[in-house]
Every structure is written in structure tokens, then in C-alpha cells.
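Presented below is the structure to which this report refers.
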Amino acid sequence: MAGSRYIADPESAVTKVALDGLAVLFHEPSGMTHIVASPAPEILDALQQGPADAAELLRRLHARFDFEGDEAIHARLGELEAAGLVRRA
Amino acid sequence: MRHRLALQIGPVAFRIGSAWRSPLDALARLYAGYPAPADGLCDFTVRLEPERPWRRFLRPSVAIRGDYVLPDAAPLALAHGLLAAEMGMNLQMALGQRTWLLLHAATVEKDGRAIVMTGESGAGKSTLAALLGERGWRLMGDEFALLDLASGALLPFPRAISLKNGAIGVMEAEAAADRFGPRLAGTPKGDIRHLRPNAEAIARMGEGARPALILFPRFGSAAAVRGVGQAEAFMRLTQASTNYVALGRRGFDALANLVRGVPALAIDYPDTETAVGLIADFRRELAA
Amino acid sequence: MTGARSLVRALRDPGSVGACDWNGLVSAARAEQLIGSLAFRMEGRKLPPRIEAIFAAARRDAAHVRTRTLWEAEMCRRALAPLGIPVVLMKGTAFHAAGLEASLGRSVGDLDILVPRESLPAVESALLDAGWERLKQAGGYDDVYYRRWMHELPPLIHKDRDRMIDVHHTILPLTARPRPDAAALIEGSVALDNGLRVLAPADMIVHAAAHLFADGDLAGGLRNLWDIDRLLREFDSVDFRRTLEERARLHQLAAPVGRALRLARRLYGTPVAAGRLTVADRLFEARLLARNSWGQERGKLLRFAFYLRGHLLRMPPLMLARHLWTKAAMR
Amino acid sequence: MSGTDDSNAFVPSRRTVLVLGAAAASTVVTVRPALAQTAGSVLNCEIPVPGPHAGGSYIAPDGSLVAPGTPGAAPPLARPLRGEEVKTLLRSGASPAGVDPSAAQAYANYIRRLQAGMSGFTCYASLQMPR
């Protein structure tokens with residue numbers, strides 16, 4: 001897993017509507033709607049700075065947020081990848 | 001096809017063809033007073049036909065077909081041909097409707113404000129809408145609500161109301177006998193009797209209304225009301241819509257606007273009278 | 001005029017549709033999965049409001065179909081990218097991905113791809129890892145039959161997106177008499193911007209003709225013939241006609257391609273040089289037009305004959321008998 | 001991303017706590033085409049177990065298809081199940097008339113694994129109830 005770099009679609013490809021604590025995303029390339037809970041929106045935002053592997057992504061997130069349990073990043077990226085919201089570089 | 005009938009219901013026109021006469025006779029009686037489609041042009045075609053050629057005569061069974069069909073559909077007995085015609089029209093809407101966002105919901109309106117009631121089959125929305133339709137509300141539809149993607153208004157789709165089992169008696173006490181279809185005993189969904197909406201509902205079937213409240217009713221428990229968050233309402237309405245995904249971005253925008261602009265409540269109710277009372281309260285609060 | 005006949009006329013010459021049986025035209029077009037194509041042909045014409053609304057909705061729906069189709073191809077690309085093999089999109093997906101005229105309003109069901117035969121095991125396991133699942137029981141009769149005799153893997157379906165993928169290694173079953181040159185199909189394929197590939201134009205037409213006339217029972221054939229008409233018009237040139245002839249011969253599919261040209265010209269007025277209709281062509285024509293203005297299939301006997309023919313094309317009679325016997329015993 | 005919330009504004013002075021290892025299963029739910037609520041109004045349905053695509057296969061306890069005669073697996077059902085029977089089976093595990101109760105779970109699991117495009121899926125979808 002280490003070394004895989006992930007890319008998110010640009011901001012223009014996703015319309016986001018915040019609805020009580022959750023985000024509802026309309027993803028233009030797929031025409032699909034995803035309802036996402038934290039930390040998915042934060043991860044997608046962090047990837048807007050450019051492609052990143054898991055370690056780099058964690059660095060970006062730690063710069064903004066307090067959290068523990070870094071290893072869960074792989075499960076979160078897996079979900080986003082399966083939904084087509086991130087892809088491997 | 002041997003027998004045919006065209007019906008205009010709200011903004012949608014259907015052409016129904018049948019291998020037998022009886023289902024269309026029953027349909028024509030049930031929809032007495034509805035206008036004919038302009039120039040005979042129709043949005044959808046429904047066909048009631050024998051599953052195999054000999055099944056037109058031998059133990060006749062009605063297969064529901066048309067422009068759009070589903071696999072897994074089992075035929076109905078000819079005695080239930082009216083139900084087959086109704087299901088055939090529902091099927092075309094569920095699979096083929098791409099002009100409006102289709103919500104599996106009953107809608108009633110008063111003073112231009114509409115209440116949308118959605119929930120699984122058996123939640124009692126049909127009965128509730130039928131009863132409200134006799135108690136000073138305008139029935140816009142008991143099965144499908146049509147949300148206009150551009151304006152956010154709801155359009156009426158006042159089909160005959162499909163009453164099941166216990167609801168049949170409730171409504172027989174409310175509405176004139178000549179508005180009912182035949183009692184269909186022992187269908188796969190139990191006993192069914194159709195009720196034609198009242199004259200006002202038919203006369204105003206071209207007139208939309210603004211959504212004012214989204215209700216998720218559930219029949220069978222003690223009366224309770226709770227607020228439903230926007231995200232939950234959004235998710236539940238996508239699951240109540242057969243064409244949300246196919247409408248793409250326009251569906252997303254329309255639904256997001258709906259849940260952000262209109263409050264949503266889940267209500268449990270032990271009997272229909274209680275629900276009618278709750279809804280009268282909501283209306284007073286909305287008006288206030 | 002029957003439903004299918006009026007549909008063919010409307011597609012061929014949209015201006016000819018007057019105060020015709022609109023209801024019958026719409027039903028036939030929906031039944032033949034040509035409502036989207038018809039809607040684009042009718043764009044900009046003065047139509048009764050209800051009919052215009054039906055076509056407008058069909059055009060919007062077509063946009064959704066395109067998005068969904070290209071997305072499925074993209075997810076497949078992501079799953080197979082690590083293998084570094086050529087992945088050739090086929091049929092409707094290819095028309096959309098390459099932005100061809102034939103994609104206007106074209107409905108697409110499954111995703112069809114062509115890969116080198118030796119890569120099949122790697123492709124299958126990469127797809128299974130990426131969320132596709134088997135539809136048929138591994139090692140069952142159908143599964144074994146597919147792997148041994150068919151030109152594709154047993155179909156897989158994606159667990160979240162509910163869409164099927166057919167992974168081909170050639171364009172006809174191995175039991176069929178013609179032996180298309182699969183290596184040449186891949187060799188001649190054209191790369192798209194995203195790295196996926198599509199067949200070369202002539203091979204696209206050869207494949208469409210093979211699919212229509214050398215495989216299957218002609219159900220939905222009017223749409224496949226419409227694809228062929230659109231492709232021929234888009235690619236037409238003196239050079240192209242020669243290339244098409246050569247490729248048809250190379251893939252041992254000159255006969256189906258010839259029939260496709262004759263029938264496309266006959267039904268859709270495709271501007272190609274093609275011989276006179278044969279007696280057999282007329283049977284094909286009747287089969288293609290066997291639908292009335294309620295969208296019902298007509299010509300039961302004719303359809304059954306073509307159903308049998310479809311099976312016979314796929315396998316020799318003795319093998320067919322054994323196949324049908326086994327299938328019947330499983331019911 | 002466009003939108004009205006401000007979660008993408010970096011504000012270093014006010015740090016938020018992020019729960020990365022969400023206890024709940026998934027942080028992404030995708031909206032799928034729904035027939036669930038509506039299909040009850042549009043069809044009177046049946047589910048063949050297994051569907052014609054898998055004719056003859058046996059059903060393992062987890063609902064997967066296995067070769068005929070596999071020990072511990074249930075044989076194909078002689079007749080398709082009606083919508084109401086499936087509803088009862090999925091809700092209470094009660095086996096329909098004429099169906100071996102010890103195999104009911106295998107059949108129920110087979111139905112739960114149905115997907116779009118497979119015979120019986122639309123019927124199954126119509127019987128699923130949210131909440």
C-alpha cells in the first residue's frame with residue numbers, strides 16, 4: 001500500500017451541499033451522488049493540494065486537525081477509491 | 001390491439017391496449033370524467049396481453065407489458081385485470097418517467113401548500129391521502145408525486161386511489177358508492193378496491209402547488225412526531241424515487257433544494273383519525 | 001405502416017413524418033431501443049408538444065447514459081491499468097468513448113471489452129479484486145461452457161454499480177465457422193486520450209456485422225443496423241471502402257458484412273455500393289421489421305427460425321443437441 | 001469543491017478533532033437507483049431460486065451457488081417463490097410451504113445476494129424495506 005499516490009478530481013467536478021453535518025456530493029464524471037461523513041470530505045479537500053501517498057496525506061491532515069489512529073487512513077482511502085472519488089496516480 | 005383506451009392523468013397521457021374487453025371496461029368506468037389526451041397523443045403505452053397465446057382463453061392470465069417492462073413480473077388473473085392495468089401505468093411511470101422527479105409519495109394540498117407523504121407500502125399514506133381528500137384537502141395523488149425540476153413545484157397525478165384490505169371499509173364510509181371500482185378479492189396484495197378522486201381533484205389536475213411539508217408517516221404505533229434532518233430526508237427521498245439517479249445533476253439540485261427549503265417530520269400513528277388530527281395541527285403551525 | 005417500418009422511415013428521413021401514428025412510432029422506437037437515436041434525428045423539427053417533450057426527455061436521458069457508460073469504462077480502466085495490457089472498448093461504449101455519430105442517443109447496457117486471450121486470467125482476477133462478481137457458478141456447466149467455447153468470459157457484474165462486463169478475447173464464439181483474426185483486431189486498434197482503445201473503423205463495422213448476422217437471433221437488430229449505417233456514413237471514403245473489404249476478408253466475415261451493407265442501404269438508405277437483395281436478405285429484412293405499432297413482436301414462426309439459426313451458427317448440430325439437452329435437464 | 005460550508009477554509013488557530021478510524025462501517029454511502037418502494041405498485045413478482053442463469057446449481061448456506069450435490073448445500077427450488085413468501089422468509093426466517101425449513105436460510109441468503117440484471121432482483125428490491 002505504501003507508495004500508492006492518490007488523486008482526487010478537481011473542485012469543479014464535484015458539487016457539494018452541506019446538510020446537517022454530512023456532505024452530499026454530486027460527482028459529475030460518474031453522475032453519482034454520494035453522502036459522505038467526516039473524515040471523507042476532509043481527505044478530499046486535502047487532496048486538492050495535489051496527489052499524495054498515505055504518509056503525505058496524513059501530514060496534510062495533521063497540519064489541520066488533531067487525531068490519532070493513522071492506520072485507518074487506508075480504509076478511508078479504500079472507500080473513496082471504490083466510490084471512484086479518488087484514484088491511484 | 002383488440003381493445004384500447006386512452007387516459008389523461010395530470011400531465012401524463014397513457015394508451016392502454018388489451019387482449020380482453022373487461023379490464024378496459026372497468027378502467028373506463030373508474031376513470032369516468034377524466035379528459036381524453038389531446039389529439040390522442042400519449043406518453044406511454046401499456047399492454048395487457050396473454051402470457052402465451054392460448055392463455056387468452058384457457059385459464060386467462062394477464063401479463064403486464066408496455067413500452068417499459070420488468071423481468072420477474074408474474075401475470076394476474078383476468079378477474080384482476082383492472083389491477084393489471086393500474087400496475088401497468090405505474091410501471092411505465094416508475095421506469096420511463098424522465099421529465100419530473102418521481103417520488104413514491106401521496107400529496108394533498110390546501111391554500112396552495114402541499115404536504116408530501118412518503119414511506120414504504122403499508123405505511124398508510126394512500127388511506128391518509130384518501131381521507132384528507134374527503135376532509136377539505138385537495139388530493140393531488142396517492143401514489144406518485146411529480147416534482148418539477150425547474151420550478152420546484154409539485155404537479156398533481158390524481159390516479160384512482162388503491163385501497164387495500166381494512167382501508168376499503170374506512171373509505172366506503174366516506175365516499176359515494178359510484179366512485180368505487182369493483183372489489184378485487186384475493187389479489188397478491190390482498191383485497192383491493194379503487195376509489196376515483198372527487199370532482200375537485202379531477203377538475204384541478206392541471207394545477208400544481210408549492211411543497212410545504214415532507215412527512216414520513218408510519219402506521220401502527222402510538223402517536224409520535226420527530227424531526228427528520230436534511231441529510232436523512234435527502235437519503236430517504238432518493239430511495240423513494242425511481243428516476244433520481246437517471247436525472248443526474250438536475251435531480252440532485254431539485255432534491256437538495258427541496259430538503260433545504262421544506263421541513264420534514266416522521267410521524268407514527270395508531271389510527272388514521274389520529275394522523276388526520278396531527279396533520280391539521282401541522283397546517284395551523286405552517287400557516288402561523 | 002407497421003411500427004418498425006414507420007420507425008425505419010422516420011430514422012431515414014425525419015422530414016417524412018407527418019401526422020403519422022406518433023404513438024406507434026414512439027412505442028416501436030422504445031421497444032427497439034432506438035428512442036434516443038430517433039430523438040436526436042427529430043431535434044429542431046416542429047412537432048406536437050407532447051411528442052417534442054418525449055424526445056426532449058429522451059435526449060436528456062441519453063446524456064445520462066453517456067455519463068454512466070464512460071464512467072463504467074473509466075472504472076474498468078482503473079482496475080486494469082496495473083496490468084499494462086491493451087484494453088479495447090467495443091460496441092456502444094466504444095462509440096461513446098470515441099465520440100462517434102453512432103453514439104447520439106445510443107443506449108448501452110453492458111460494458112464490452114476485448115483483451116489478448118493470454119491475459120484473460122489476469123483480467124478476470126483484477127476485475128474480481130475491484131468489486132466485480134461472478135454471475136454464474138464457477139465450475140458449473142455454463143461456466144465451463146463459456147470458458148471452453150465462447151469468445152468471452154462468463155459475464156461479471158459489479159457489486160456496487162450493478163453493471164455487467166463482457167470480457168472478449170475475439171468477436172465470435174470459437175464454435176462458429178468464421179475465425180476472425182483477434183490479434184489483428186487488437187493490433188489495428190486505436191488509442192484514446194485516456195489510454196483505452198477502440199477498434200479501427202473498418203473493424204468496428206466488421207464486428208457490428210458479425211454480431212448482427214453471424215451470431216445471435218437478430219433481436220434488437222434494427223439498432224445494430226442503425227449503428228452500421230451511422231458508422232458507414234461517418235467513415236465513408238474510397239479508401240475506406242477498400243479497407244473495409246480487406247478487413248472483412250481477413251476476418252472471414254465478408255458475407256455478413258456484405259449483407260449488412262445491402263440491408264443498411266435498403267432500410268436506412270446508406271449511401272454505399274451494395275448488390276441486390278438476395279432471397280435470404282428478404283427474410284432478414286422481414287425479421288428486422290417484425291414489430292407492430294403497439295411495440296409487440298410479430299412473426300412468431302420467423303422469429304423462432306432465427307432463434308434456431310442463432311444457435312446453429314454458434315455450434316455444429318450434434319453439439320447443439322447436447323447443449324440444449326443439458327440445459328433442458330437443468331430446468 | 002463549491003458549496004456553502006466552510007470546512008475547506010484552513011484556520012490554523014482553531015484546530016478541530018478528526019475521527020479517522022470511524023467506528024461506523026463506512027463514511028461513503030452511494031445513492032443507488034431505487035425501485036424498492038415503488039416496485040410493490042408496479043409488479044406482482046416471483047423469484048426463481050436459483051435463477052435461470054444458474055439452472056441446476058445448489059445453494060450453499062451463505063447463499064452462493066455451488067455444484068449440484070455439494071454436501072450441506074440446498075437443492076434448487078421446484079417453483080419460484082412469491083413476493084409475499086419471500087417477505088416472510090427474509091423477515092422471520094419462516095420457510096414457505098413445501099420448502100425444507102433447514103434450507104430456508106440458504107435460500108434467504110441467495111435472495112439477499114441478488115443483483116440487478118439477475119432474475120428475481122427487481123422482485124427482491126421491491127421487498128426490501130428501509131428501517
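The values are calculated or read from the model by the stated rules, or taken from the named source; none is laboratory data. These numbers were taken from a predicted model, which means no experiment stands behind them. Cβ coordinates were reconstructed from backbone atoms using ideal geometry, including for glycine residues, and neighbour counts include every protein chain displayed. Keep in mind that these areas ignore ligands, DNA and RNA; they rest on the heavy atoms of the full protein, side chains included. Shrake-Rupley method; radii C 1.70, N 1.55, O 1.52, S 1.80 Å.
Things worth noting here:
- A search for C-beta distances below 9 Å between a residue of segment C:280-306 that is closer than 16 Å to residue C:27 by Cα and any residue that is β-branched (Val, Ile, Thr) and assigned to a helix (DSSP H, G or I), counting only pairs 6+ apart in sequence or on different chains, returns C:288/C:8; C:289/C:8; C:295/C:26.
- For segment B:16-43, a residue qualifies if it is within 10 Å of another protein chain (Cβ to nearest Cβ) and within 18 Å of the chain's Cα centre (by Cα), and exactly one does: B:43.
- Extreme residue, farthest from the chain's Cα centre (by Cα), among residues of segment B:56-79 that are among the charged types (D, E, K, R) and on the phi < 0 side of the Ramachandran plot: B:56
- Residue among B:196, B:236, B:250 that is away from chain A (no Cβ under 14 Å) and either touching a strand residue (DSSP E or B) at 6+ places or on another chain (Cβ under 7 Å) or not aromatic (Phe, Trp, Tyr) (or both): B:196
- Enumerated strands (runs of 3 or more DSSP E) restricted to segment B:1-98, each holding at least 2 residues that are closer than 18 Å to residue B:141 by Cα: B:3-9, B:12-18
- For segment B:140-158, residues that are open to solvent by 10 Å² or more (accessible area, probe 1.4 Å) and either closer than 17 Å to residue B:197 by Cα or acidic (Asp, Glu) (or both) total 3.
- Residue count for segment C:9-35, restricted to those that are assigned to a helix (DSSP H, G or I), touching a residue at least 24 places away in the same chain (Cβ under 8 Å) and open to solvent by 10 Å² or more (accessible area, probe 1.4 Å): 8
- For residue C:149: the one exception among (1) modelled with pLDDT of 95 or more; (2) more than 30 Å from residue C:59 (Cα to Cα); (3) away from every other protein chain (no Cβ under 14 Å): (1)
- The strands (runs of 3 or more DSSP E) found entirely in segment B:118-217 that carry 2 or more residues being within 19 Å of residue B:277 (Cα to Cα) are B:138-141.
- Against the numbered list (1) surrounded by fewer than 18 Cβ atoms within 10 Å (Cβ to Cβ); (2) not in a helix (DSSP H, G or I), residue C:53 comes up short only at (2).
- Any hit, segment C:115-135, residues being closer than 21 Å to residue C:195 by Cβ, of a type in the set (Val, Ile, Thr), at pLDDT 95 or above and in contact with a His (Cβ under 7 Å, 6 or more places away or on another chain): yes
- Residues that are within 10 Å of chain C (Cβ to nearest Cβ), modelled with pLDDT of 85 or more and outside any loop (DSSP other than H, G, I, E, B) were ranked within segment D:22-58; the one that is nearest to residue D:89 (Cα to Cα) is D:58.
- Among the conditions (1) at pLDDT 85 or above; (2) at the interface with another protein chain (Cβ under 7 Å from one of its Cβ atoms); (3) under 26 Å from residue B:77 (Cβ atoms), the only one that residue D:66 does not satisfy is (3).
- Each residue in segment B:246-288 was checked for being closer than 30 Å to residue C:57 by Cβ, assigned to a helix (DSSP H, G or I) and not small (Gly, Ala, Ser), and 10 of them qualify.
- The selection criterion, being of a type in the set (Ser, Thr, Tyr) and closer than 21 Å to residue B:8 by Cβ, does not hold for residue B:118.
- Hits in segment C:270-297 - residues which are over 22 Å from residue C:24 (Cα atoms) and in a loop (DSSP other than H, G, I, E, B): C:270, C:271, C:272, C:273, C:274, C:275, C:276, C:277, C:278
This table checks each residue for (1) charged (D, E, K, R); (2) at positive phi; (3) open to solvent by less than 50 Å² (accessible area, probe 1.4 Å).
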| position | (1), (2), (3) |
| --- | --- |
| B:212 | no, no, yes |
| B:217 | no, no, yes |
| B:229 | no, no, yes |
| B:236 | yes, no, no |
| B:254 | no, no, yes |
| B:259 | no, no, yes |
| B:263 | no, no, no |
| B:269 | no, no, yes |
| B:284 | yes, no, no |
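- In the set (1) modelled with pLDDT of 95 or more; (2) under 20 Å from the mean Cα position of the chain (by Cα); (3) acidic (Asp, Glu); (4) within 24 Å of residue B:93 (Cα to Cα), the condition left unmet by residue B:172 is number (4).
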